[in-house]
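Take a look at the structure below.
The values are calculated or read from the model by the stated rules, or taken from the named source; none is laboratory data. Bear in mind the structure is a predicted one, so any value in this text is a computation, not a measurement. When we count neighbours, we look across all protein chains shown, and the Cβ atoms used for this are built from the backbone with ideal geometry, even at glycine.
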Amino acid sequence: MNEIIPINYDSDRPTVSAIELHKFLGIGTKFQDWFPRMIGYGFKQGTDFNPLKIENVLSQKRERTYSATDYQLTIDMAKELCMIQRTEKGKEARQYFLSVEKAWNSPEQIMARALKMADTQIATLKGENKQLSSQIEKDRPKIVFADAVAVSESPMLIGELAKVLKQNGFNTGGTRLFEWLRNNGYLVKRKGTDYNAPTQKAMDMGLFRVKETAITHSDGHVTTNRTTKVTGKGQQYFINKFLSKEV
C-alpha cells in the first residue's frame with residue numbers, strides 16, 4: 001500500500017495530520033479557516049481529533065519562524081472529511097484510509113500489537129519480582145490473547161475473531177465458530193432471512209453490531225446488505241469464555 005498521506009502509529013490507534021490531509025485534498029481555503037468549519041460537522045476534541053502544537057515552522061514568505069497548531073485526526077474522522085469534499089482527491093484519500101483501517105484491524109496486526117504489549121507487561125512484572133518469572137512465562141499466551149482484544153477498538157468480523165482464536169491454539173475456524181455461536185444462542189439458528197443474525201439476547205448484551213449497506217442494482221431497485229460484527233465488548237466476552245474453557 002503506497003503511503004499517499006503519512007500515518008502516525010505512535011498512539012493506540014492510527015491518526016493522520018489535518019494539515020497533511022488539507023494539503024493532499026488541495027483545499028483552496030486556508031487551513032486555519034477550513035478546519036474550524038469541518039469541526040462544525042459534529043466532530044469532538046478528544047474523541048475525533050486532538051490538537052498538536054508545532055513549533056518553529058518556517059514561513060517562506062516572511063523568512064521567519066512561528067508556532068502553529070495541527071490536529072491529529074482519527075481515521076474515521078479523516079474518512080468523513082474526505083466524503084464531505086466530494087472530489088476525486090477526496091475519494092482517493094478515503095479509499096487509502098479504508099486500506100489503512102483494514103490493515104490495522106487485521107488479525108495479524110492485532111496479534112502483533114498484543115505481543116508487543118504483553119512483552120512490555122511481562123518485562124515490567126519481571127523487574128518488580130524475579131520470583132514471578134516462571135509463572136509469567138507460563139501465562140504469556142493468556143496475556144497475549146487477552147491483550148489482543150485490548151488493542152483492538154474496532155468491531156471485527158466473526159471470521160476474523162476465529163483467526164485470532166486459532167492463532168492462539170483454539171482449534172476453530174470461521175464455519176466452526178459460526179456453528180458454535182448458533183448452537184449457544186448468540187446467532188439465529190433457524191433458516192430464513194435472519195439466519196446467522198445476532199439474537200436479541202446477544203444484541204442486548206452488546207456483543208454484536210450489525211452494519212447495513214444499501215446496494216443499488218442496475219435495474220434501480222435497492223437491497224440492504226447486513227454484516228454482523230463482534231464489538232470490542234463481544235471480543236472480550238468470547239475470548240474470556242475460550243480462556244476459561246467454557247466452550
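So in segment 162-196, with the set limited to residues that are within 22 Å of the chain's Cα centre (by Cα) and touching a residue at least 24 places away in the same chain (Cβ under 8 Å), which one is nearest to Phe242 (Cα to Cα)? The residue in question is Leu165. Does segment 232-239 contain any residue that is closer than 27 Å to Lys166 by Cα, small (Gly, Ala, Ser) and touching a Lys or Arg at 6+ places or on another chain (Cβ under 7 Å)? No, there is no match, as no residue in segment 232-239 is closer than 27 Å to Lys166 by Cα, small (Gly, Ala, Ser) and touching a Lys or Arg at 6+ places or on another chain (Cβ under 7 Å). Within segment 1-22, the set of residues being out of contact with any helix residue (DSSP H, G or I) (no Cβ under 7 Å at 6 or more places or on another chain) and not small (Gly, Ala, Ser) comprises Asn2, Glu3, Asn8, Tyr9, Asp10, Asp12, Arg13, Thr15, Glu20. Inside segment 164-188, residues that are surrounded by fewer than 17 Cβ atoms within 10 Å (Cβ to Cβ), in a loop (DSSP other than H, G, I, E, B) and at pLDDT 90 or above make up a count of 2.
Please determine whether any residue of segment 213-222 is surrounded by 14 or more Cβ atoms within 10 Å (Cβ to Cβ), outside the structural domain of Ile110 (by TED's automatic domain parsing) and outside any loop (DSSP other than H, G, I, E, B). No - not one qualifying residue is present in segment 213-222.
In summary, Thr231 fulfils each of the numbered conditions (1) surrounded by 13 or more Cβ atoms within 10 Å (Cβ to Cβ); (2) on the phi > 0 side of the Ramachandran plot with the single exception of condition (2).
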